[in-house]
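Down below is the structure, laid out as structure tokens.
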Amino acid sequence: MATEISGRNYEIPPDIRDLVEKKLAKIQEKLFDDVIDVRVVLQVEKYRNICEILIKGKEHDVKTVQESDDSMQDAINAALDHLKRQAQKNRKKIRDHHRKEGNGRKVTEWAVQVLEPGQLREETQQRAPRIVKTNNISIRPMSIEEAALRLDESKNEFIVFRDIDTDRVSVIYKRRDNNLGLIAPEF
């Protein structure tokens with residue numbers, strides 16, 4: 001992304017231009033994914049050196065105006081520091097917003113009840129399986145891709161989740177051939 005650097009009542013020397021471009025490139029690389037436009041305005045008013053930086057992105061815009069009585073380089077460094085703090089704060093907000101528990105969608109708790117052996121099978125079946133353990137699991141809304149990623153990271157064999165697209169409870173599980181299976185009920 002090209003950086004537009006302009007001066008008001010200030011002729012921009014090449015060393016200042018290089019300083020701004022290098023430092024902004026580092027900040028953009030680390031803190032911004034989606035930069036649309038970058039503008040830097042350097043201005044001098046009497047004894048004040050003012051640096052204004054505006055970065056427009058898809059998710060958020062960041063603007064800072066800093067001034068220094070000493071030099072333009074001090075104003076630029078102060079503006080870049082402020083820009084870093086703002087970008088980190090906005091990035092954290094966006095990340096926290098997307099990771100927010102449930103994202104405003106409902107999370108359902110289901111409980112599995114243990115049945116008495118007489119209710120589960122007939123008395124003549126001695127070797128038939130029975131339920132010996134129950135777990136309460138929370139069903140969180142997520143996409144199928146997110147569920148697959150969580151399953152890969154987890155030691156569990158399956159994950160029960162509410163599909164964001166269909167708003168239905170689904171199960172994704174690990175298959176013996178190291179692929180994943182999806183159970184999506186039809187109502």
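The values are calculated or read from the model by the stated rules, or taken from the named source; none is laboratory data. Just so we're clear, the structure is a prediction, and the values are computed from it rather than from any experiment. As a convention, Cβ positions derive from the backbone with ideal geometry for all residues, glycine included, and neighbour counts pool all protein chains shown.
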Next item on the list: Could you tell me whether the range 45-63 includes any residue that is modelled with pLDDT of 80 or more and in contact with a Cys (Cβ under 9 Å, 6 or more places away or on another chain)?
Entry: no
Notebook entry, point to check: Of all residues in the range 15-43, how many are in a strand (DSSP E or B) and surrounded by 16 or more Cβ atoms within 10 Å (Cβ to Cβ)?
Noted result: 6
Next item on the list: Return the residue satisfying two criteria in turn: it lies in the range 147-187 and is more than 16 Å from Ile137 (Cα to Cα) and in a helix (DSSP H, G or I), and of such residues it is nearest to the chain's Cα centre (by Cα).
Entry: Leu149
Checklist line | Condition met for Gln43 (free of Cβ contacts under 8 Å to residues at least 40 places away in the same chain, of a type outside the set (D, E, K, R) and in contact with a helix residue (DSSP H, G or I) (Cβ under 7 Å, 6 or more places away or on another chain)) | finding: no
